[in-house]
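Enquirer: First the structure, then my questions, so here it is.
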Amino acid sequence: MAHQIVELTCPGCGARVTTGQSVCDWCHKPVIISTFNSVYDMPMPEVNKYAGVYRKALAENPDNTDLNNSVAMCYLKLKLYDKAIEAFEKAMEDNFDNSETFFYAAISLLKGKKAFYQQKETIDKAIEYVNSANMIEPLGIYYYFLSYLKFDFYKRKFLNTSPNYQQELATAQQIGLSPYDVDQLYKILEVEHPAGI
């Protein structure tokens, strides 16, 4: 049931589309938001429109992984972090092979605030999600995010963790890390790039 194809209204133009289509045949806008980059540059009213279409489709298909992941990306963009976390976690229940779902769930847990200001339980859960993302698909940006979490929370609070932020950063650089990805991460997190990492 996780990947069941669902018919819905295109969020872009209102045509009938299915979750099996990547873009609408009429307006050529995405039908399913599979990555945050799809909504990153969208104006907020358009993101809200997409979220509304997904919520309506989810009312009849609450366990659809694609719809839950898509609405979660919209909620993250709209800064509705609690709703984003809930939708990402619902998407994770039946689909363990999308590393971005775990990665963006971890970002949502921070709710637009620095790691330093979070509770340890929140940081531990974020680290667990990013480690899950790395088990699916190890990416430099995932290890860099671990480095940020461990630097801003553990190092700044003089707590020990293993591997430490420097080891995570070294892994990120070894796997491949672009300055663009780092800049995008901080924009999504809505925090300043900390000195020292």
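Enquirer: Can you give the relative contact order of the chain as a percent, counting alpha carbon pairs under 8 Å and 6+ residues apart?
Expert: After rounding, I find 14 percent.
Enquirer: If you don't mind, another one. So how far apart, in nm, are the two label points at residue 94 and residue 34 if each is 7 Å from Cα heading toward Cβ?
Expert: Between residue 94 and residue 34, the simple spin-label model gives 1.8 nm.
Enquirer: Take residue 195 and residue 21, extend 7 Å from each Cα along the Cα→Cβ direction, and tell me the distance between the two endpoints in nm.
Expert: 5.3 nm
Enquirer: In addition: Calculate for the chain the 222 nm mean residue ellipticity that helices alone would give, adding -39,500 (n - 2.57) per DSSP H run of length 4 or more and normalising by residue count, nearest 500 deg cm²/dmol.
Expert: Estimated from H runs of four or more residues: -17000 deg cm²/dmol.
Enquirer: Determine how large the accessible area of residue 47 is when every protein chain is in place; take a 1.4 Å probe and give Å² rounded to the nearest 10.
Expert: Rounded to the nearest 10, the figure is 0 Å².
Enquirer: What is the distance, in nm, between label points placed 7 Å from the Cα along the Cα-to-Cβ direction at residue 48 and at residue 114?
Expert: Here the modelled spin labels are 3.2 nm apart.
Enquirer: Within the set 90/155; 125/187; 49/120, which residue pairs have Cα atoms separated by over 29 Å? Walk me through the numbers before you get to the answer.
Expert: Values: 90/155 32 Å; 125/187 21 Å; 49/120 35 Å.
In this structure, 90/155; 49/120 lie more than 29 Å apart at Cα.
Enquirer: Pick from 11, 43, 138: which residue has the top mean-square fluctuation in a GNM of the chain where Cα pairs under 10 Å get a spring?
Expert: 43
Enquirer: Please work out the C-alpha center-to-center distance from region 104-138 to region 1-67 and express it in whole Å.
Expert: That distance is 26 Å.
Enquirer: Quick one: how many Å² of residue 55 are accessible to a 1.4 Å probe, rounded to 10?
Expert: Here the accessible area works out near 100 Å².
Enquirer: So which residue, out of 100, 89, 60, gets the largest mean-square fluctuation from a GNM of the chain using Cα contacts under 10 Å as springs?
Expert: Among 100, 89, 60, the largest GNM mean-square fluctuation belongs to 60.
Enquirer: Over its Cα atoms, what ratio of radius of gyration to 2.2 N^0.38 Å does region 137-197 give?
Expert: Values: Rg = 11.0 Å, N = 61, 2.2 N^0.38 = 10.5 Å.
For region 137-197, the normalised Cα radius of gyration comes out at 1.05.
The values are calculated or read from the model by the stated rules, or taken from the named source; none is laboratory data. Here the structure is a predicted model, which means the values were calculated and not measured. As a convention, Cβ positions derive from the backbone with ideal geometry for all residues, glycine included, and neighbour counts pool all protein chains shown. Please note that ligands, DNA and RNA were not included when accessible areas were found on the heavy atoms of the full protein model with its side chains. Shrake-Rupley method; radii C 1.70, N 1.55, O 1.52, S 1.80 Å.
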